[in-house]
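Notes for the one structure printed next.
The values are calculated or read from the model by the stated rules, or taken from the named source; none is laboratory data. What you see is a predicted model, and the numbers here were worked out from it, not measured in a lab. Accessible surface areas use protein heavy atoms only, side chains included; no ligands, DNA or RNA. Shrake-Rupley method; radii C 1.70, N 1.55, O 1.52, S 1.80 Å.
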Amino acid sequence: MSQQVSSPPKASLPPVPDCIETVVSKQRQLSWQVASNLFISFKYAWCGISYAFQTQRNFRIHVSVGALAIGLSIFLHLKSVEIAVIGLTIGLVLALELLNTAIESIVDLTVKQTYHELAKIAKDCAAGAVLVSALVAVTVAATLLLPPLLALVLGSKSS
Ligand SMILES: Nc1ncnc2c1ncn2[C@@H]1O[C@H](COP(=O)(O)OP(=O)(O)OP(=O)(O)O)[C@@H](O)[C@H]1O
C-alpha cells in the first residue's frame, strides 16, 4: 500500500530585509517627528530633563543631593578620581530616574488608567532600578566623604 507523505506546511517567515538600513528607515517612518540635526536632538533631550525636573519630586531630590555631594567633595579637597567616582554614581541615578519617567509614561500611554499586572511589574522594576542606583551612590559618597568630613569636624572641635 502506497503511503502519501505530504510535505510539512511552510512556516510563514517575515520577509528578509535587503539591508539593515531598510529596517531602520522603515521603523523611523513610524515616528511622528525625527530630529533633523544634532542641535534639535539636544533641544529635545533638554525638554526631557526639564520635564523630569518639573514633574518628578525624586528627580529634584537626586539633583539637589548630587549637587551637595559634588560641592562637599570639592570643599573637602577629595582627589580628582574620587570626585569622578561620586559624579559617575550621581549621573547613573539621574539617568535611571529619566528612564523610570520614560517607562512610566509608556506604561500610562499603553494601559491608561486600567490596572494591569505587567504594568505594575514594569513600573515597580523601573523604580527598583532607581532605588538600587541611589543606594550605591549613597554608599560610595558616604565612604569617600565621611572620613575627611569627620576629621574636619573633630579637628575643629579639638582646636
Ligand atoms: N496601570 C497600572 N497597573 C498596575 N499597577 C500600577 C499601574 N500604575 C501604577 N501602578 C502601581 O502604582 C505604583 C506607583 O505608580 P506611579 O505611576 O506613581 O509610579 P512610581 O514609580 O511610583 O512613580 P515615581 O517613580 O515618580 O515615584 C507603581 O509602582 C505600580 O506598583
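Quick one: ranking 143, 101 by accessible area, 1.4 Å probe, largest first, what do you get? Spell out each step's value before the answer.
Working: 143 90, 101 10 Å².
Largest accessible area first, the residues go 143, 101.
Find how much the distance from residue 70 to residue 28 grows on full extension, using 0.36 nm per residue of separation minus their present alpha carbon separation; answer in nm with one decimal. Please report the intermediate quantities before stating the final value.
On the way: separation 42, 0.36 × 42 = 15.12 nm, distance 3.92 nm.
11.2 nm is the gain from fully extending residue 70 to residue 28.
What accessible area per residue, rounded to a whole number of Å², is obtained for segment 36-158 using a probe radius of 1.4 Å?
Working: 8430 Å² over 123 residues.
The answer is 69 Å² per residue.
Of all accessible surface on segment 36-158 at a 1.4 Å probe, what whole percent is carbon and sulfur? Walk me through the numbers on the way to the answer.
Details: 6320 of 8430 Å².
Carbon and sulfur atoms account for 75 percent of the accessible area of segment 36-158.
If I ignore ligands, DNA and RNA and count only protein heavy atoms, how much of residue 82 is accessible to a 1.4 Å probe, in Å² to the nearest 10?
The value for residue 82 is about 50 Å².
If you take the alpha carbon radius of gyration of segment 36-158 and divide it by 2.2 N^0.38 Å, what ratio comes out, to two decimals? List each step's numbers first, then the result.
Values: Rg = 18.2 Å, N = 123, 2.2 N^0.38 = 13.7 Å.
Ratio of Rg to 2.2 N^0.38 Å for segment 36-158: 1.33.
If 80, 73 are ordered by their accessible area, calculated over protein heavy atoms with a 1.4 Å probe, which sequence runs from highest to lowest? Walk me through the numbers before you get to the answer.
Details: 80 100, 73 0 Å².
Largest accessible area first, the residues go 80, 73.
Round to the nearest 10 and report in Å² the accessible area of residue 40, as given by a 1.4 Å probe over the protein chains' heavy atoms.
40
Taking a 1.4 Å probe, which of 120, 112, 157 shows the most accessible area, and what order do the others take after it?
Numbers: 120 90, 112 135, 157 160 Å².
Descending order: 157, 112, 120.
Could you tell me the accessible area of residue 39 in Å² (1.4 Å probe, neighbours in place), rounded to the nearest ten?
Near enough 150 Å² of accessible area.
Work out, step by step, the length gained on full extension between residue 105 and residue 61: first 0.36 nm times the residue separation, then minus their alpha carbon distance; give nm to one decimal.
Details: separation 44, 0.36 × 44 = 15.84 nm, distance 2.01 nm.
Contour length minus Cα-Cα distance gives 13.8 nm.
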